[in-house]
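The values are calculated or read from the model by the stated rules, or taken from the named source; none is laboratory data. Since the structure is predicted, the reported quantities are computational estimates derived from the model, not experimental observations. Ideal geometry is used to build each Cβ from the backbone, glycine not excepted, and the neighbour counts take in all protein chains shown. Only protein heavy atoms, including side chains, enter the accessible area calculation; ligands, DNA and RNA are left aside. Shrake-Rupley method; radii C 1.70, N 1.55, O 1.52, S 1.80 Å.
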Amino acid sequence: MMPRTYFSQPLTVTRRAALMLALGTALWMPLSMTDAEAAPKTALTLGMTVEPTGLDPTIAAPVAIGQVTWQNIFEGLVTIGHDGKVRPQLAESWEISADGKTYTFKLRNGVIFHDGEVFDSSVAKFALDRARGETSVNPQKRFFTAIDSIEAPDAATLVLKLKQPAGSLIYWLGWPASVMVAPKSADNNRTTPIGTGPFKFVNWAKGDKVDLEKNAAYWDKAVAVKLEKATFRFVSDPQAQAAALKSGDIDAFPEFGAPELMTSFDGDARLGTFVGNTELKVVAGMNNARKPFNDKRVRQALMMAVDRGTVIEGAWSGFGTAIGSHYTPNDRGYVDMTGVHPYDIDKAKALLAEAGYPDGFSFTIKAPQMAYAQRTSQILQAMLAEIGVTMTIETTEFPAKWVADVLKGADYDMTIVAHAEPMDIDIYARDPYYFNYKNPAFNEVITSVEKTADAAEQEAFYGDAQKILAEDVPALYLFVMPKLGVWDKKVKGLWENEPIPSNVLTDVHWEE
């Protein structure tokens, strides 16, 4: 068998040529490696504990939807910044009439959806009419109830006519539930979302990940989006989260699910830990329409049996801030209500006896599978036993089972969940809502908030609302969870604080 031949003529390499070739290779290789090392990464993998049930925040409530899509895929007329303040977005400006009942928005020109559909006032009208219509399933449909009519006199002008003033309307229009969707693509946004944002949807491998890519045709040329690709990976187990971070499989976990593992990253050369604030209010809601929780004295007794400091230490490794109503210290008009029904076992027992339960009673708590809910439930179980109350823990799959049984069905005694929506103290005035709490005085206070656009007046009303809830105890108010983040120290631009549940990628980049 003849050897394989690559050249028709013998190849002769002189000693000088060989030396130059070797030198050239030696010079070229370090330069190439240096260039590769200097080039910043343009892809990012973020971890999330809970996978969204869909990808359209205008038709479903779970916050995980917005944590993937809000400000990445979808945008609104206005947006909420990392400091919690409202900023213009698809509307570049707006005017509010003196009586607070007409809002006129000037919309941006040159905005297109990812499929090429043009954004204008007719699209904005469609999106808001869809959100407020009779058949709307928008999770925040209440935001739009004050709107009487919507007009689009020209492509760049949108006019909202209100039935009565709505002091929080501009703020609400910045929420995920208020993002702009287009007529042609709206029906399919649950699985193939199309928006106007800086990133486009690529793929959703259910049970695993969602892939996004940079929108090269993004309308805001003042924004230099540096990421070319972003992947959201869903990892529910805290140990697996930590392992994925340490191995580099995941670059960032903006809401790390295991506070007890935070110290395991101490001294890590690559990973950093970040503690910020959130709106995550951990409350143990009670069914106020079901005995014995329909008796305010019982609810108050249970609250006095709870040592919040011990709950925070045991459930979340000491990370957290005690609260006495459905409000966080981040929120305007906050009043510390933790002293209204302080921890007092003797008084709790006496109040239970006064309510007709000297020997206590038994009930079941439906607790989601998340670590904070399970741990808090176990601590509450031990604390309530001290006053003779027996609590059985029933683990309830979140979100599907919990939403069906508790949020929609109100079929429960007690439950526990972290309410993530900012400034959502008004949920106790909603009818129906799973607490089944009825208090006309509270409802009137919440209504008064919307009748004025004066910030000081609104904050005073919010203070009144907090006082009523702290006294009535429709839920056991426990603590605010902090935002525990773990990510590569070279990743810049992630929000350390969370005024609204989100993973905004617009400014995220790798340090060069």
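Let me test this: with uniform point scatterers at the alpha carbons of region 158-302, what is the Debye-based log₁₀ I(q)/I(0) at q = 0.16, 0.20, 0.21 1/Å?
-1.15, -1.26, -1.30
Nearest 20 debye, what's the magnitude of the dipole of region 183-322 about its Cα centre given +1 on Lys and Arg Cβ and -1 on Asp and Glu Cβ?
That gives a dipole near 700 debye.
Could you tell me the relative contact order of region 398-454? Use alpha-carbon pairs under 8 Å, at least six residues apart, and round to a whole percent.
Once divided by the residue count of region 398-454, the mean separation gives 28 percent.
Please compare each pair in K209/K489; K214/K483; K141/K229 to a cut-off of 29 Å on the Cα-Cα distance and tell me which ones are over it.
The pairs that break the limit, which is 29 Å between Cα atoms, are K141/K229.
When only alpha-carbon atoms are used, what values of Rg and Dmax, in angstrom, describe region 167-223?
Just the Cα atoms of region 167-223 yield Rg and Dmax of 13.7, 41 Å.
Round to the nearest 10 and report in Å² the accessible area of D454, as given by a 1.4 Å probe over the protein chains' heavy atoms.
70
Just need the relative contact order of region 378-512 here, percent rounded to a whole number, with Cα pairs under 8 Å and 6+ apart.
15
Relative to the first principal axis of the alpha-carbon coordinates of the chain, what is the inclination of helix 121-132, with its axis defined by its Cα atoms, in degrees from 0 to 90 and to the nearest 10?
40
So between A404 and D454, what do we pick up on full extension, going 0.36 nm a residue minus the alpha carbon distance?
That works out to 14.2 nm of additional length.
What number, in percent, do you get for the relative contact order of the chain if the mean sequence gap of Cα pairs under 8 Å and at least 6 apart is divided by its residue count?
RCO, the chain: 20 percent.
Using the charge dipole of the chain (Lys, Arg: +1 at Cβ; Asp, Glu: -1 at Cβ; taken about the Cα centre), state which of A315, Q374, P62 has its Cα farthest towards the positive end.
Value computed over the given set: P62.
Would you mind getting the accessible area per residue of the chain, heavy atoms of the protein chains only, 1.4 Å probe, in Å²?
Roughly 45 Å² per residue, with all protein chains present.
Which value, in debye to the nearest 20, describes the size of the charge dipole of region 48-113 about its Cα centre when Lys and Arg Cβ atoms bear +1, Asp and Glu Cβ atoms bear -1, and nothing else is charged?
160
Would you compute the Debye intensity of the chain from its alpha-carbon atoms alone, equal scatterers and no solvent, and pass along log10 I(q)/I(0) at q = 0.05, 0.09, 0.14 Å⁻¹ to two decimals?
With no solvent term, the Cα-only Debye profile gives -0.25, -0.69, -1.46.
Given R₀ = 35 Å, what would the calculated FRET efficiency be for K291 paired with E397, taking r from the Cβ atoms and rounding to 0.05?
According to the calculation, E is roughly 0.85.
What is the distance, in nm, between label points placed 7 Å from the Cα along the Cα-to-Cβ direction at T273 and at I96?
Using points 7 Å along Cα→Cβ, the separation is 4.2 nm.
Counting helices only, and only those DSSP H runs with n ≥ 4, report the 222 nm mean residue ellipticity of the chain as the sum of -39,500 (n - 2.57) divided by its residues, in deg cm²/dmol to the nearest 500.
Helices in the chain give a 222 nm mean residue ellipticity of -8000 deg cm²/dmol.
Mind checking the alpha-carbon convex hull of region 31-179 and giving the volume per residue in Å³?
Once divided by residue count, the hull of region 31-179 is 162 Å³.
Given C-alpha coordinates of region 453-512, what is the ratio Rg to Rh with the Kirkwood estimate of Rh?
1.19
May I ask which residue of T328, I150, A127 lies farthest towards the positive end of the charge dipole of the chain, with charges of +1 (Lys, Arg) and -1 (Asp, Glu) on Cβ and the Cα centre as origin?
Of the options given, the answer is A127.
Take the Cα coordinates of region 276-385, assign each an equal point scatterer, and use the Debye formula without solvent to give log10 I(q)/I(0) at q = 0.10, 0.15, 0.20, 0.24 Å⁻¹.
-0.30, -0.69, -1.21, -1.53
What part of the accessible area of the chain, given as a whole %, is carbon or sulfur when the probe is 1.4 angstrom?
53
Give me a comma-separated list of calculated 3J(HN,Hα) values for region 62-72, in order, Karplus coefficients 6.51, -1.76, 1.60 applied at θ = phi - 60°, integers in Hz, x for any Gly or Pro.
Running phi through 6.51 cos²θ - 1.76 cosθ + 1.60 with θ = phi - 60° gives x, 5, 4, 4, x, 5, 9, 9, 5, 6, 9 Hz.
Toward the positive end of the charge dipole of region 57-105, about the Cα centre and with charges on Cβ (Lys, Arg +1; Asp, Glu -1), which of N72, Q89, Y103 goes farthest?
N72
Take V118 and V86, extend 7 Å from each Cα along the Cα→Cβ direction, and tell me the distance between the two endpoints in nm.
Calculated label separation equals 2.8 nm.
About the Cα centre, and with charges only on the beta carbon of Lys, Arg (+1) and Asp, Glu (-1), how big is the dipole of the chain? Nearest 20 debye, please.
Charge dipole, the chain, about its Cα centre: 1240 debye, nearest 20.
Under 19 Å from a label point 7 Å along Cα→Cβ of K492: give me every residue in region 190-226 with its amide N that close.
The answer is 222-226.
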